[in-house]
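The structure appears below as structure tokens.
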Amino acid sequence: MLPGWLRPKGTSTRLAVDVTFLETRTSCPPPVLPEGFSLTRVTGGDAVPLYRALYAGVGQDYCWWMRRSMPDQDLADILHDPAVHFMVLRDSSGNSSGFYELDLRQGGDANLAYFGLLSQAMGRGLGRMLLDHAVARAFDAGSWRLRVNTCTLDHPHALPNYRRAGFSVRNVVSETWDVPDEYVPERLRRL
């Protein structure tokens, strides 16, 4: 049963998606960050507004909506959990370039809940470096497996990038989502 905040309050668009579930059981060495970039774990009072900005910025064209409709307190409970790592990639000016959310709450069965770059950071090799960092962090924390999922509404390079990074497809599930119209990307809006 869906929590109430996931049910559209107004108009919505029904979207058919295929969700691909992947996993890796192989670590990699932590990558070296490009000169001028930093990767920091964000906690505390700044976490929720920064997370919301990055989530919306990264996912606005790919129908990322679930965390946008999640109440602040629910999101804060996740981000403030010591076993959840909200990692932000910043450039030399301190501007955010991307993020990932690594969920280590299931013991050694880790989940890369969200991962992505802002559009201005794409095409520079930062995505692979950020993904490799998430993989290394999961296994350095004692994980035996790292899971991730993507869907047909996500960036077209998401699935190939996960596979190139050593993730294997475990399952594909067809789903139908009722997405609040305010979160549906322009390219998917009803005519």
If we keep only residues of the range 127-137 that are out of contact with any Ser or Thr (no Cβ under 8 Å at 6 or more places or on another chain) and either part of a loop (DSSP other than H, G, I, E, B) or of a type outside the set (D, E, K, R) (or both), then the residue farthest from Ala113 (Cα to Cα) is Met129
Considering the range 24-60, residues that are surrounded by 13 or more Cβ atoms within 10 Å (Cβ to Cβ) and among the small types (Gly, Ala, Ser), and then whichever is farthest from the chain's Cα centre (by Cα), we arrive at Ser27
- Task: Considering every residue within the range 5-23, establish whether at least one is more than 22 Å from Leu131 (Cβ to Cβ), open to solvent by less than 30 Å² (accessible area, probe 1.4 Å) and part of a helix (DSSP H, G or I).
- Result: yes
Scanning the range 88-102 for residues that are part of a strand (DSSP E or B) and either polar (S, T, N, Q) or open to solvent by 10 Å² or more (accessible area, probe 1.4 Å) (or both) gives Arg90, Ser96, Ser97
Note on the range 63-87: residues assigned to a loop (DSSP other than H, G, I, E, B) and either surrounded by 15 or more Cβ atoms within 10 Å (Cβ to Cβ) or of a type in the set (S, T, N, Q) (or both) are Cys63, Trp64, Trp65, Met70
Reported set for the range 162-191 where residues are open to solvent by less than 50 Å² (accessible area, probe 1.4 Å), of a type in the set (A, V, I, L, M, F, W, C) and assigned to a loop (DSSP other than H, G, I, E, B) is Ala165, Phe167, Val184
Flagged pairs (Cβ under 6 angstrom, 6 or more apart or on separate chains; first in the range 19-33, within 30 Å of Thr176 (Cβ to Cβ); second in a strand (DSSP E or B) and polar (S, T, N, Q)) are Val19/Asn149; Thr20/Thr150; Phe21/Asn149; Phe21/Asn171
Residue hits (the range 105-161; at pLDDT 95 or above, among the basic types (Lys, Arg) and open to solvent by 60 Å² or more (accessible area, probe 1.4 Å)) are Arg105, Arg137, Arg147
Of Gln120, Gln106, the only residue that is more than 16 Å from the chain's Cα centre (by Cα) and either aromatic (Phe, Trp, Tyr) or not in a loop (DSSP other than H, G, I, E, B) (or both) is Gln120
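The values are calculated or read from the model by the stated rules, or taken from the named source; none is laboratory data. Source: prediction; values computed, not measured. Here the Cβ is made from the backbone with ideal geometry for all residues, glycine too, and neighbour counts use every protein chain on show. Only protein heavy atoms, including side chains, enter the accessible area calculation; ligands, DNA and RNA are left aside. Shrake-Rupley method; radii C 1.70, N 1.55, O 1.52, S 1.80 Å.
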